[in-house]
Amino acid sequence: MNIIAESSSTRTEWALVDGDKIVEHAFTTGVNPYFQTRKEISHSIRLELPEIFFSRRWKHVYFYCAGCSNAEKNKIMESSLIAQFKIPCTVKSDLLGAARGLLVREPGLACILGTGSNSCLYDGTEIIKNIAPLGFILGDEGSNAHMGKQLISDILKEIAPKEISDAFFDYYHTSSNVMLNEVYSATLPSRALAKYAQFLLEHVNHPYVYELVYNSLMLFFRRNIASYDYKDKPISFVGSTCVMFEDILHRVADDFGACIAKCIKYSMPGLVEFHAND
């Protein structure tokens, strides 16, 4: 049996699989080697994952992770995983995990819209083109973190409507100092920003909120999808954002002239199918 895991900066989904069947399933906190040390990652995995995942030496770990886009960061993850499971481990990017989970072995355009955002052209096995996502500071358009950043910026600059600002502080019972500390001092600032998407979802019928979400998603298309030959390729999405704001996403795609094939929250079923014969 193999272990398959897919991790964003917010949560990690784990599956212990026998062929194409999931034997055990679990969720833990997300990890990201750009913001966490090997020790912090190992600590999170060991304390949060159910003991059955460590009960014997399984065959292989396939780990798809945010922040794993180069050899240096992949090595941090590999070291953490090998230390915990004592078996061979393969670490790949969360984007490849998204593409394999969405499309399995079919070619197409695959996108992540969750805590962060990303996109790629996939040939059925590997990524053949990727527009750099650049993270929550320089990119991640259309993501929960991007929307959260815009929201708290508007609130703290007193640009957001008063009724939205009042509702926000009633909802979160926070302060400007706390929010700024979470963004500039916390280990995973994108996760801190992404949590505000729930507020946006609950107030999406307010014109200000609807426009914020629409504009963020449109930026994703303009700054990412526009660089692909998307006219004849339906686009598939995975992640919390695409599911939370699916109606607006479809409107944005229509306005942009793109076609959406599917929107799903989790990529694990497709990853299990992709690795069924490994």
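The values are calculated or read from the model by the stated rules, or taken from the named source; none is laboratory data. Computed from a prediction, not measured in an experiment: that's the story for all the values here. Note: ideal-geometry Cβ built from the backbone for every residue, glycine included; neighbour counts use all protein chains shown. The area values use the complete protein model at the heavy-atom level, side chains included, leaving out ligands, DNA and RNA. Shrake-Rupley method; radii C 1.70, N 1.55, O 1.52, S 1.80 Å.
Say the dipole of the chain comes from +1 at the beta carbon of Lys and Arg and -1 at that of Asp and Glu; which of 66, 264, 178 then lies farthest toward its positive end?
Value: 66.
Measure nothing but the geometry: give the 0 to 90° angle between the long axis through the Cα atoms of 38-48 and the longest principal axis through the Cα atoms of the chain, rounded to 10°.
Computed tilt is about 90 degrees.
Give the accessible area for residue 163 in Å² (nearest 10); use a 1.4 Å probe, count only protein heavy atoms, and leave out ligands, DNA and RNA.
110 Å²
Classify the chain as rounded, prolate or oblate from the Cα gyration tensor: take a ≥ b ≥ c as the square roots of its eigenvalues, call it rounded if a/c is under 1.5, otherwise prolate when a/b beats b/c and oblate if not.
Oblate shape, in that a/c is at least 1.5 and b/c is the bigger or equal ratio.
On a 0 to 90° scale, report how tilted helix 94-103 is relative to the longest principal axis of the chain, with both axes built from alpha carbons and the result rounded to the nearest 10.
80 degrees
Could you work out the relative contact order of region 197-278? I mean the mean sequence separation of Cα pairs under 8 Å and 6+ apart, divided by the number of residues, in percent. Before the final figure, lay out each step's value.
Numbers: 61 pairs, mean separation 25.2, N = 82.
Reported relative contact order: 31 percent.
Got a sec to turn the phi values of region 187-195 into Karplus ³J(HN,Hα) couplings, 6.51 cos²θ - 1.76 cosθ + 1.60 with θ = phi - 60°, whole Hz, x for Gly and Pro?
Computed from phi, the couplings for region 187-195 are 5, 10, x, 5, 5, 5, 6, 5, 5 Hz.
Pairs to check: 92/195; 162/231; 21/265; 39/92; 73/162. Give those whose C-alpha atoms are more than 31 Å from each other in this structure.
Working: 92/195 26 Å; 162/231 41 Å; 21/265 19 Å; 39/92 20 Å; 73/162 43 Å.
Result: 162/231; 73/162 exceed 31 Å.
For the chain, what does the relative contact order come out to in percent, with C-alpha contacts under 8 Å and a separation of six or more? Please list the in-between numbers first.
Values: 527 pairs, mean separation 54.5, N = 278.
RCO, the chain: 20 percent.
How large is ³J(HN,Hα), in whole Hz, for each residue of region 20-29 in order, when computed from phi with the Karplus curve 6.51 cos²θ - 1.76 cosθ + 1.60 and θ = phi - 60°, using x for Gly and Pro?
Listing the rounded values in order: 9, 10, 7, 8, 9, 9, 7, 10, 10, 4 Hz.
Ranked highest first by average number of other Cβ atoms within 10 Å, how do 49-58, 215-224, 250-259 line up? Present the calculation step by step, with values, prior to reporting the outcome.
Working: 49-58: 13.1, 215-224: 21.1, 250-259: 15.8.
Ranking, from highest mean packing down: 215-224, 250-259, 49-58.
Which length gain, in nm to one decimal place, applies between residue 158 and residue 172 when the Cα-Cα distance is subtracted from 0.36 nm times their residue separation? Please report the intermediate quantities before stating the final value.
Working: separation 14, 0.36 × 14 = 5.04 nm, distance 1.71 nm.
Roughly 3.3 nm would be gained on extension.
Looking at the chain only, what percent of DSSP beta bridges run antiparallel? Nearest 5 please. Write down the numbers at each step before the final one.
Working: 22 of 41 bridges.
So the antiparallel bridges in the chain amount to around 55 percent.
To the nearest 20 Debye, how big is the dipole of region 75-205 about its Cα centre, given +1 on the beta carbon of each Lys and Arg and -1 on that of each Asp and Glu?
540 debye
Tally the DSSP beta bridges in region 25-135 and give the antiparallel ones as a percent, rounded to 5. Mind showing how you got there, number by number?
Values: 8 of 13 bridges.
Here the antiparallel bridges make up roughly 60 percent for region 25-135.
Which cross-chain or sequence-distant (5 or more) residues have an amide H under 5 Å from the amide H of residue 92, H modelled 1.01 Å from N in plane?
So residue 92 has HN proximity to 63, 64, 65.
How large is the charge dipole for the chain, taken about the Cα centre, if only the Cβ atoms of Lys, Arg (+1) and Asp, Glu (-1) carry charge, to the nearest 20 debye? Walk me through the intermediate numbers first.
Numbers: 27 positive and 32 negative charges, 180 e Å.
In total the dipole reaches around 860 debye.
Cα axis of helix 162-172 to longest principal axis of the chain: angle in degrees, 0 to 90, nearest 10?
Tilt of helix 162-172: around 30 degrees.
Residues with amide H under 5 Å of residue 119's amide H, sequence separation 5 or more or different chain, H placed in the peptide plane at 1.01 Å from N; which?
Placed amide hydrogens put 112, 131 under 5 Å from residue 119.
Order 181-192, 9-20, 114-125, 142-153 from most to least packed using the mean count of other Cβ atoms within 10 Å.
Working: 181-192: 17.6, 9-20: 19.8, 114-125: 24.1, 142-153: 26.2.
Highest-to-lowest ranking by the protection proxy: 142-153, 114-125, 9-20, 181-192.
Under the Karplus relation 6.51 cos²θ - 1.76 cosθ + 1.60, θ = phi - 60°, what is the ordered set of whole-Hz ³J(HN,Hα) values for region 143-160, x standing for Gly and Pro?
8, 4, 5, 4, 5, x, 4, 5, 4, 6, 5, 5, 5, 6, 8, 6, 8, 5
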